[in-house]
Amino acid sequence: MFRFDAAFRAEFRENWLVLLVAFSCFLFGFSAPAYALPFIFPEVIDHLGWTREQATLLASSKYAVGIVCALLVGRFVDRTGAWLSLLVTVSMGGLALTSFLWISTLTSYYLVGILLGFASGGTMVALKVLISRSFHNSQGTAMGLVLMGSVLGSVVLPFAITAADAALGWRGGIAAMSAGIWLVAVPMLLYGLFSPHMAFGRRTIAVPLDKAAAPGPANQPLREIMREPRFWMIGIAVMTVGMIDQAFTQHQVLIFKDVGLSPEWTAAAVSGIGVMGIVTRLFVGNMLDATSNRGLAILWWVLSLSILMAFALGNPIVLVAFIVLRATGHSAVMLDTTIMTKHVYGPGQIGTLIGIYTAMVSAGFALGPWLMGRMYDMSGSYASSYILFAILPVLASLLIWPIKPVFWLELKARNAAARAAEPAAAQGSAA
């Protein structure tokens with residue numbers, strides 16, 4: 001059952017403007033650089049004569065840089081707030097897309113990957129921290145809602161970039177995808193930076209939390225956290241599923257092309273995954289609010305099932321099922337680091353911890369597209385990578401299944417106690 005109780009409603013009333021700004025950042029500042037890449041690869045292969053491994057290595061260079069960026073931005077946000085970080089990283093994404101107007105060598109191509117890495121890793125970390133500090137009971141649902149910005153981007157972008165390529169050429173078409181960054185995302189972030197109503201985004205310390213509403217180990221030293229087995233179990237798990245998810249994201253246009261889909265039907269299939277994401281982001285976020293790590297483990301099994309369906313994408317029924325399950329698994333991967341960090345460790349040092357876990361995920365993001373491309377070039381088929389990538393999410397789920405989500409359990413107990421006390425308080429008032 002979908003949960004939207006009084007605690008949820010109170011948080012949404014108080015923080016709706018945070019949701020709006022974060023949604024806009026995901027729609028324009030994150031989606032355009034992220035979802036343009038699969039449409040770049042066929043163009044550079046055809047026009048510049050590069051191999052699939054060389055072309056898709058751009059994604060790997062992007063996420064390799066994202067590792068360092070996530071660590072730096074996580075610490076930076078803990079100390080200074082989110083707005084300045086978001087302004088810098090979102091602008092870098094706009095510069096990266098614009099620079100495709102002049103790319104002609106692999107060196108310049110991979111240098112763009114550096115800009116994309118700072119844009120992707122930094123934006124994601126700062127937005128995760130922004131939502132995690134603003135929402136406690138409804139963190140997963142709130143994150144699912146703002147991630148609909150990236151979903152909407154994934155729906156619109158395939159058609160927009162296809163049309164822009166036809167009208168402006170592939171270089172101009174990709175550069176045109178930066179328009180939303182300069183015209184919408186950056187102005188909204190400037191509003192957040194200077195508005196007195198959004199001052200919490202400029203604080204040099206974490207937003208104060210109501211102790212009755214936010215229990216947990218808020219000030220556990222980072223060095224102690226990193227000595228715990230659960231810290232590394234979470235990190236290895238999210239890095240593994242991130243590797244798989246991004247491999248499919250970056251290769252999806254090539255995969256659909258190999259099974260005989262036309263460019264128009266390929267754009268429709270990619271957008272179909274995005275359309276399903278509108279539902280699955282909210283469903284998955286709300287499910288994780290209610291089930292925490294156990295629900296996440298089950299959702300990773302769904303990711304494995306979608307990969308097995310990739311063997312038969314030529315069948316229209318299988319293609320539709322693949323789109324639904326792929327969207328669900330992708331939504332889980334987009335939410336896993338935020339949920340596990342907050343549910344296990346609470347709000348203390350959340351920027352630094354999310355930065356570390358995002359860096360681990362970025363390592364998986366960097367490895368996945370390259371590994372899938374390498375396995376394809378070695379065998380001439382995606383079959384071996386499908387088999388490997390279907391097994392790994394199951395192993396990752398086994399790592400997180402036994403972990404105790406301390407903050408989530410204590411918060412759940414506090415809310416239950418508060419609800420139980422309400423009838424007694426009402427009776428006392430009546431008396």
Report yes if PHE322 is crowded, with 21+ Cβ neighbours inside 10 Å, free of Cβ contacts under 8 Å to residues at least 60 places away in the same chain, assigned to a helix (DSSP H, G or I) and not β-branched (Val, Ile, Thr), otherwise no.
yes
Given the criterion buried (at least 21 other Cβ atoms within 10 Å of the Cβ), farther than 30 Å from ASN415 by Cα and among the small types (Gly, Ala, Ser), identify the matching residue among SER262, SER292, SER306.
SER306
Listing of helices (runs of 4 or more DSSP H) fully contained in segment 79-180 that carry 1 or more residues being in contact with a Pro (Cβ under 8 Å, 6 or more places away or on another chain) and buried (at least 24 other Cβ atoms within 10 Å of the Cβ)
83-98, 106-134
Cβ-Cβ distance below 6 Å, separation of 6 or more or different chains: which pairs start in segment 50-72 with a residue that is under 18 Å from PHE248 (Cα atoms) and end on one that is aliphatic (A, V, I, L, M) and surrounded by fewer than 19 Cβ atoms within 10 Å (Cβ to Cβ)?
ALA55/ILE45
List the pairs whose first member sits in segment 325-342 and is closer than 14 Å to MET287 by Cα, whose second member is of a type in the set (Phe, Trp, Tyr) and surrounded by fewer than 24 Cβ atoms within 10 Å (Cβ to Cβ), and whose Cβ atoms are under 8 Å apart, counting only residues at least 6 apart or on separate chains?
THR328/PHE283; SER331/PHE283
Exception for TRP50 within (1) aromatic (Phe, Trp, Tyr); (2) modelled with pLDDT of 80 or more; (3) assigned to a helix (DSSP H, G or I) falls at (3)
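The values are calculated or read from the model by the stated rules, or taken from the named source; none is laboratory data. Quick caveat, the model's predicted, so the values are computed rather than measured. So basically every Cβ, Gly included, is an ideal-geometry build from the backbone, and we count neighbours across all protein chains shown.
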